[in-house]
Structures are given as structure tokens and as C-alpha cells.
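Heads up, the thing below is written out as C-alpha cells.
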Amino acid sequence: MQIFNWLQNQIEIYNEVLPWDILSYGFKYNNERVPLIGPQGIWKPKILEKFPISITTSPDSPYDDKISDDGPLLKYKYRGNNPDHPDNVRLRLAMIDHIPLIYFIGLKKGWYFTVFPVYIVNDHKEDLSFTVVVEDSKQFNFQSTSEFDENINERLGLYKKREYITVQVRQRLHQRSFRERVLMAYREQCSLCRIRHTELLDAAHIMPDNDPLGEPIVSNGISLCKIHHAAFDANILGITPDYLVEIRKDILLEHDGPMLKHGLIELHGNKLIVPNREIYKPNREYLDLRYQIFKSAC
């Protein structure tokens, strides 16, 4: 419980994506340092005798861990190909004893999307994987399953709730992953004003994520500061398929202080800063569709 409380405090600071340095140092328990993440994906610190404390998927992981798009569960691959590797056995024991764990999912080098508590609910030796579900950390109560083991309706209700929470976590993970990938492609700067404070940057969708074309891929995103993101979404600012910035005509005629003048009006006619790699540059067809929406608002 102290680990989870400590993690919750870190999440309030870093907003779910935590740095390796803090996680690998961990926190103090009875004057003993407890690292929460380590070189092995299935991590057991010395203070624990039997169970691991966390599972980790690194950004460059050799394992095929998946966040499914068509179901409520997460999949975590065994360590290696031996089901009886000590790390796999420890994870299996955590499943049997219903032990809550932490799941660290690497989004970029040194930064991990943090999910807890999670439970291992199935062991699939045929494809060397476990399935994982997420519990609501705000309602988490550290107790065994003995209270509901004999009540099938309670047990099914718990599983359904965890499946629902897991779907919500998966959606947040996709959003954060999209943001990190877009910001990296744009060298962590606003593509209009070049501001580099990442806490002020968003990954703006060209085609909205509720649109059939709104895929969470870098070419459907643009790195924008929060002001320019809001202006883009409100059709105050448009971007042509040739990456030229246009400001809505009525805004160009306004006189409302230096923020409007320097923050928006002076961008009119500028060219968007785009990634170097062709695959990451904004999709011109999507920009054209979005530009037509902007023109209809002018």
C-alpha cells in the first residue's frame, strides 16, 4: 500500500508517465531502498521473497507485448521461451495468489506509462504469455479474493469492472503514446511558434480521433502549443496541404493586444515546421480535408 501511495504522488507530479531514474531508485521502506523497476521485465526487489513487484515493457522490448484494440485485456509475454523460468514462475504465483502488481509501459527511452494495480488473470503456455487486467487505483483495497470466491456473481462482476477499467487505461495509453511519438517527431517544439516547453505542447489531431480517418499515427498529428492547438480546433487557424498557415479573415482584422498580434496574426502566411522524415510529415490529404472545414468557417 505504501508503494501504491508513493506512486500516486509521483503520478500527480508527472501525469502517468514517470521517469526511469525515479522508478529505479524507488522509495524507502523501513530505511531500505526499494527499486520499482529493474533490468528484467519481471522485477522482484530484494525486499520481497516470493512475488515480483512490477512488469515492464520497454520501448525497444524484444517481446510482443500487446495492448489489444479489439478486447478488454492486456497481454504480457513470458521472459524467454521457458515457462518454468524463475521470473515466469513468480508471475504465475502472483496470479494464483491474486497479488496486485505495477505495469510500466515504455513510451520512449527513460519514460514509462504507469498502471497499477494490475492482476495476472490467465496463463497461456501455448503462446508464452499472460493476460493482465487493471483495477481502479482509487477504489483499490488490499485484500485477498477469499471474500468473493464463493460468490460467482460477485466474481463475474469484479472481472467485468476490471475489463472496463482496462479498456479505459488502454485508451489513455494510446493517447499518451500518440502524443509522445508526435512530439518526438517534431523535436519537442510547437510547429508554429517553436516553443519547447513540453508541458505546454499537445499532439493535435488533423482528423479528429472520433473520425474514421482519425488514426493515432504521427502523420495524422501536429505538435502545437496549447494556444495554437485551441486555435486550430476552433478553426481560427488553418493549415493548407502545402503546409502554409492561414488565420481566419475576421481575426486578421481584429486589434486586441500583443498576444493576438504576435501569437496568431503574424503567423498568417508562415510555413509549418515539419519533421525531417517523410513518413512523419502531416498527411496532405488529411490536411486538405481539414482545410476545407476551416475555409467553410471563414
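Computed from the coordinates by the stated procedures, all read-outs in this text should not be read as laboratory data. Quick caveat: nothing in here was measured; it's all calculated off a predicted structure. Every residue, glycine as well, gets a Cβ built from its backbone with ideal geometry; the counts of neighbours run over all protein chains shown.
Here is how the numbers come out for the structure above:
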read-out	value
Phi to ³J(HN,Hα) by Karplus 6.51 cos²θ - 1.76 cosθ + 1.60 over region 34-41, Hz, x for Gly, Pro	10, x, 9, 9, x, x, 8, x
Exposure proxy ranking, count of Cβ atoms within 10 Å, fewest first, for Asp288, Asp97	Asp97, Asp288
Net charge over other residues, Cβ less than 15 angstrom from the Cβ of Pro35 (K, R count +1; D, E count -1)	+2
Amide H within-cut-off set for Tyr29, under 5 Å, with H built and near neighbours excluded	Val34
The chain: angle of helix 86-96 to the longest principal axis, Cα-based, in degrees nearest 10	90 degrees
Estimated 222 nm signal from helices in the chain, with DSSP H stretches of n ≥ 4 weighted -39500 (n - 2.57), rounded to 500	-10000 deg cm²/dmol
Computed over the chain: relative contact order in percent, which uses C-alpha pairs under 8 Å that are six or more apart	11 percent
Pairs of lysine residues in region 188-297 - Cα separation under 19 Å, sequence separation of 8 or more or cross-chain	8
Rounded Å value of the spacing that divides the Cα centres of region 230-250 and region 83-130	45 Å
Range in the chain, longest, excluding exposed trypsin sites (Lys or Arg not before Pro) [loop by DSSP; at most 13 other beta-carbon atoms within 10 Å]	197-276
Length-normalised contact order of region 188-297 in % [C-alpha pairs under 8 Å, at least 6 apart]	29 percent
Förster-model FRET efficiency, 35 Å R0, Ile11 and Leu48, C-beta, rounded to 0.05	0.95
Among [x] 1.03; [y] 0.98; [z] 1.20, the entry derived from the coordinates for Cα Rg over 2.2 N^0.38 Å	[z]
Loop GluC sites (Glu not before Pro), region 236-280 (other Cβ atoms within 10 Å of the site Cβ: 13 or fewer; DSSP)	Glu254
At R0 = 51 Å, FRET efficiency that the Cβ-Cβ distance of Asp21 and Glu254 yields, to 0.05	0.65
Amide proton proximity set for Ser58, modelled H, under 5 Å, gap of 5+	Gly106
Point-to-point label distance, Lys226-Ala297, nm (Cα→Cβ direction, 7 Å offset)	1.9 nm
Using alpha-carbon coordinates, inclination of helix 284-297 to the longest axis of the chain, degrees	60 degrees
